[in-house]
1. Among LYS10/LYS364; LYS21/LYS195; LYS4/LYS252; LYS165/LYS300; LYS10/LYS252; LYS4/LYS204, which pairs are too far apart, with a Cα-Cα distance over 24 Å?
2. Take the alpha carbon atoms of the range 363-391, find their center, do the same for the range 196-262, and report the distance between the two centers in whole angstrom.
3. Evaluated at 20 °C with a viscosity of 1.002 mPa s, what Stokes-Einstein diffusion coefficient in µm²/s does the range 201-292 have when Rh comes from the Kirkwood expression over alpha-carbon pairs?
4. Stretch LEU116-ALA167 to full length: gain in nm at 0.36 nm per residue minus the Cα-Cα span?
5. Over the range 236-314, what relative contact order in percent results from Cα pairs under 8 Å that are six or more residues apart?
6. Hey, which lysines would be in cross-link range of LYS321, C-alpha to C-alpha under 21 Å, not counting anything within fewer than 8 residues on its own chain?
7. Under the rule of at least 5 residues apart or a separate chain, name every residue whose amide H is placed under 5 Å from the amide H of SER285.
8. How high is the relative contact order of the chain, given as a whole-number percent (alpha carbon pairs under 8 Å, six or more residues apart)?
Amino acid sequence: MPKKYHIDTKTAPPRYTPVGKFGIVDFNEDCAGACKNCVKKECIYEIYKKEGIFNREIDGPAHYLYTCMNCLRCVQGCTRAVLTRVINPEFRWLGDDYWKPEIVLTLWYQAETGKLPVSGAGYRGPFAGPGFDSMWTDMSEIVRPTRDGIHGREYISTSVDIGRKHAALIFDDRGELELDPANIVENPIPFILQKPPFGDYSEKMHEAFARAAHEMNALFILDAADITANLKPFRNVIAPRVKQSEITKYAKHIKNARLVELVYDARYKAGVAAIKKLNPKAVVSLYVALDKASHTLAAKLAGEGIECIHFRADTHGRVGKGKDEEFIKDTFRRIHTLLVEQGTRDQITLIASGGIALPEHMAKIILCGADAVATGMPFLLALECRMCMNCTRGLECPVTIHAAPPEYGAQRILNLSAAWRNQLIEVLGAMGIREVRRLRGEVGRAMFIEDLEAATFGKIFGDRKKANPAGK
C-alpha cells in the first residue's frame, strides 16, 4: 500500500473584505422599525449582525458587505416586503471574459477554507461552451463506493514523474540491468507552481509560493533572476527558469536544482548541454510557446532525446492568433496523438500551462495528453488578487499582495492546492481510475462537442458542422 499523501489545511481568512456577489438591500423608509419577528434577527448566517458590526468598526461611510448566501429566507419572510436581493456591481468587474467573477470567488473560497466548493443547486449553465466547457468526462464509475474519491477506501495516487523514461529495459547475459537509471523527478501532485504572468511581485510573494511548494514537496518554477537569499531554505523545490545566455550567470542555482527550465530558442541544444555539464542529474525542460505546428516540434524534440517540454498558451488558453487561433486542449490532442504514432510518447514528459483556471481544467488537459500542468494565476488569486491589472500599469495593488506575510500567503496557497487535489481525486474516483498517470491521453473516456456535432449533424449540414469552433 503506497504511503498516503496529504496536504494540511488551516483556515486563512482574507486580509481585506472580499468582493461578494449577492447582497440584501432594505428600504428603511418602508420598515416599521419595531417588528416583533424581524427576519433579520433570524438569519441563520448572521449576515445582518456581521454587517452591523463591520459598519460600526470601519472609519468611513456604511456600506453593504455583499456576503449574502442567497437563501432568500429573509426576502420571502419579511412581512413588509422591504428586502430585495441585488447583485454587487463591483462583482461584475472582477476578472475578465475568461477568468470570470464566479471563478475568482471560487478560488478565494478554496484558498480561505481548503474545502471543495458546493453549490447545491445543480448546473444551470449552457449545455456546452468555449474551451474546456466543450468537453465532458466519463463519470460512469461514480456509483462504486470503494473508489468514492476522497471518501473511498481505495487510495488514489496523484503523483506524476517528470523526466525522460526508457523505452525498454535491457539486461546483459547475467540478468543485470545494462541501462543507467533514468533521471526522474517525482511530483506528488500533477500541478507545478510557477510565477504568475503579472502581479504585485515582491520577495515575500515569491517566498509564499516557495514555502507552499516546500510544504507539499512540489516544484516551483521561478525565473532565476528572482531567486533571492530568503528562498535559500526552499531551494530543493525551486526550478530555475533561464535563457541560454544566462546559464553561466545563474550556475549556482542550476547546480542545486532538480529541474531546470530552459527558454526555447534556436540554440537549445547548446543550452541543454551546458546545463547538463553543470548538473548531470537535473531534468531539463524546454519552455516553448504553443502554435499550430507544435506537434511537429514535439515529435522532433522527442526523437532527439529531450527529457521534458513545457508548452505554454496565453492566460486564456489561446494558441495562435486570427484564423489560426485554437484552444490549448485541441493543440495538446494533436501533440499527444503524433507522439503516440511515433512511438515516443511514454519517453517524454509534457507540461501544459495557460488557461488552467480550475481543477477540472487540469483533469481535462491531462486527459488530452499532458502529463502535468504548471500554473500561477490561480495561486495569485489565492493571495486575494482582484485582477484589476493595476500592477501592469504601475499603480498600487488594492490588496497589497507584496506586503502579505509569507507564512499567511503560503497557507492560502496550500489550502487552494489541497482543494484542487481533492477535486481531482473526486474526478478520478468517478472515472474509476486509481492514479492520475492513467488519465493521460484517455480521450476515449471523454466526449467533445465538436466530435459529437460532426458525427450527428455532419452528414446533414456538411463541413459547416465539421469545423472546430468550440475552442474559440
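The values are calculated or read from the model by the stated rules, or taken from the named source; none is laboratory data. Because the structure is predicted, anything quoted here is derived from the model rather than measured. Using ideal geometry, Cβ is built from the backbone for each residue, glycine included, and neighbour counts are taken over all protein chains shown. We work out accessible area using only protein heavy atoms, side chains counted, and drop any ligands, DNA or RNA first. Shrake-Rupley method; radii C 1.70, N 1.55, O 1.52, S 1.80 Å.
1. On the way: LYS10/LYS364 28 Å; LYS21/LYS195 29 Å; LYS4/LYS252 34 Å; LYS165/LYS300 17 Å; LYS10/LYS252 35 Å; LYS4/LYS204 31 Å.
Long pairs (Cα-Cα over 24 Å): LYS10/LYS364; LYS21/LYS195; LYS4/LYS252; LYS10/LYS252; LYS4/LYS204.
2. Measuring centre to centre over Cα atoms gives 18 Å.
3. On the way: Rh = 13.4 Å.
Value of D from the Cα-based Kirkwood radius: 160 µm²/s.
4. Working: separation 51, 0.36 × 51 = 18.36 nm, distance 3.89 nm.
Full-extension gain reported as 14.5 nm.
5. Numbers: 113 pairs, mean separation 20.9, N = 79.
Taking the mean separation of contacting Cα pairs over the length of the range 236-314, I get 26 percent.
6. Qualifying lysines at Cα under 21 Å: LYS292, LYS329, LYS466, LYS472.
7. VAL260, GLU261, LEU262
8. On the way: 850 pairs, mean separation 104.7, N = 472.
This gives 22 percent for the chain.
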